[in-house]
Structure formats: structure tokens, C-alpha cells
Amino acid sequence: VSSCAPSQNAVVINPTQTALPVITQISTVTPVKPTETIQTSIPVSAETIRVPEDQPTIQAGIEAAPNGGLVLVTSGTYTEKIRIARKSITLASHFHTTGDEQFVENTVIDGNGGVAITVAETAGPDTKIIGFTIQNGDEGISARAAVEVLNNRFVNNRNGIGYQDGAGLNSGNVYENNRDDGIDLDRSSQAIIENN
């Protein structure tokens with residue numbers, strides 16, 4: 001129901017009746033979690049860059065994406081050191097468009113001992129990273145600006161995510177076997193950390 005109100009069948013009451021109407025059906029509306037980013041359809045447009053269909057690497061997809069664009073990554077393992085700078089983008093696996101958690105498990109960014117994803121100081125404030133397994137990095141994500149980090153899995157990094165003067169919502173993530181910290185906040189960081 002578009003109004004998000006519980007749906008119910010209409011009950012016709014005789015104006016002379018004094019009894020209260022009986023509701024014959026009630027649906028329960030489940031509240032949306034703050035980490036829910038699912039959209040029922042994402043149009044493939046000039047603002048959506050698909051990896052590897054449109055660009056061969058995630059970094060190439062980020063460079064090609066316009067400010068405010070979506071970089072949508074197909075399942076696979078990507079051994080890259082990614083940098084987001086000078087724009088706001090949404091970097092996401094197909095979990096973002098389907099809600100299927102298999103895409104989190106099967107869309108892997110491997111830092112290979114370096115920083116897997118750097119969100120530079122110049123990254124736009126609406127930057128989001130959604131629905132990946134981020135592994136084997138010195139840091140899975142180095143957040144030096146505001147970024148929403150939603151529904152990711154951080155495995156076998158030194159730090160899962162390191163905020164250095166960074167900020168943003170960190171929600172719905174799983175942190176496993178990171179050697180130093182799951183989440184490390186340094187200097188003037190202001191992250192909201194919930195539901196991890």
C-alpha cells in the first residue's frame with residue numbers, strides 16, 4: 001500500500017446500528033530498518049555505470065560515473081585499490097537493487113595487503129558503499145570524508161574501516177577476523193555506528 005498504512009477491508013455499517021464495526025482483515029506493516037537500501041528498480045541510464053559490462057574495473061567505473069551516479073558491480077572478485085574523490089557516488093553490488101544477501105558474499109573487493117577502498121577528503125558528502133565483502137586489506141575502507149557504509153562484510157583486514165577525520169552512517173555491516181580493529185576512529189571522526 002503506497003501510504004504504508006495497514007490495509008483493511010471496508011466495512012459497511014447501517015446508520016441505525018450502534019455496535020462498533022468489525023475489521024475483517026489487518027495486515028502488519030514491518031518498519032524499514034535504517035540500513036535498508038533496496039530499490040525495486042534501478043534504471044540503467046547515463047548515471048548508472050555497470051562493472052564489468054560498461055567499464056572493466058571498479059576504478060574505471062568510478063572515474064566514468066557522474067556526480068551522484070551509481071556504480072553497480074556484478075558478482076566476482078576484484079583485486080583493486082579503489083579511490084573515490086571529487087564527487088559523490090553510490091558504489092554497490094546487486095544487493096542494492098535486489099536485497100539478495102548472496103550478492104554481499106559473492107561480490108568481493110580484495111585489497112591484497114593495501115587499502116581496498118579510500119574515500120578521499122574531496123569525496124562528496126552523499127557517497128555510499130553498499131553490499132560487498134571487503135577483504136585482505138591493510139584497511140578495508142579508509143574513510144577521510146563522510147560516507148555511508150551499509151550492509152558490507154569486512155574480513156581479514158588489519159582494520160575493517162578506519163575513519164580519519166571521517167564521518168557518516170556505519171550500519172548493517174559484519175566485521176570478522178580483522179587483526180587490529182573492526183572499526184577504528186582517529187582524530188575528529190564523527191561516525192554513527194549501529195546495527196552491526
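Within the stretch 147-167, which residues are open to solvent by 10 Å² or more (accessible area, probe 1.4 Å), in a strand (DSSP E or B) and modelled with pLDDT of 95 or more? Explain how you work it out, then say what you get.
So the first thing to find is which residues in the stretch 147-167 are open to solvent by 10 Å² or more (accessible area, probe 1.4 Å), and the list is 148, 151, 153, 155-156, 158, 164-165, 167.
From the residues that got through so far, the ones that are in a strand (DSSP E or B) too are 148, 153, 155, 164, 167.
Result: 148, 153, 155.
Okay, residues lined up against (1) touching a Ser or Thr at 6+ places or on another chain (Cβ under 8 Å); (2) open to solvent by less than 20 Å² (accessible area, probe 1.4 Å):
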site	(1), (2)
72	yes, yes
80	yes, no
83	yes, no
90	yes, no
95	yes, yes
103	yes, no
106	yes, no
114	no, yes
122	no, no
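Within the stretch 168-182, if we keep just the residues that are assigned to a loop (DSSP other than H, G, I, E, B) and free of Cβ contacts under 8 Å to residues at least 60 places away in the same chain, the residue that is nearest to residue 105 (Cα to Cα) turns out to be 173. Screening residue 103 on (1) under 14 Å from the mean Cα position of the chain (by Cα); (2) assigned to a strand (DSSP E or B); (3) of a type outside the set (A, V, I, L, M) shows it passes everything except condition (2).
The values are calculated or read from the model by the stated rules, or taken from the named source; none is laboratory data. Predicted model, so just to flag it, every value in this text is computed and none were measured. Cβ coordinates were reconstructed from backbone atoms using ideal geometry, including for glycine residues, and neighbour counts include every protein chain displayed. We work out accessible area using only protein heavy atoms, side chains counted, and drop any ligands, DNA or RNA first. Shrake-Rupley method; radii C 1.70, N 1.55, O 1.52, S 1.80 Å.
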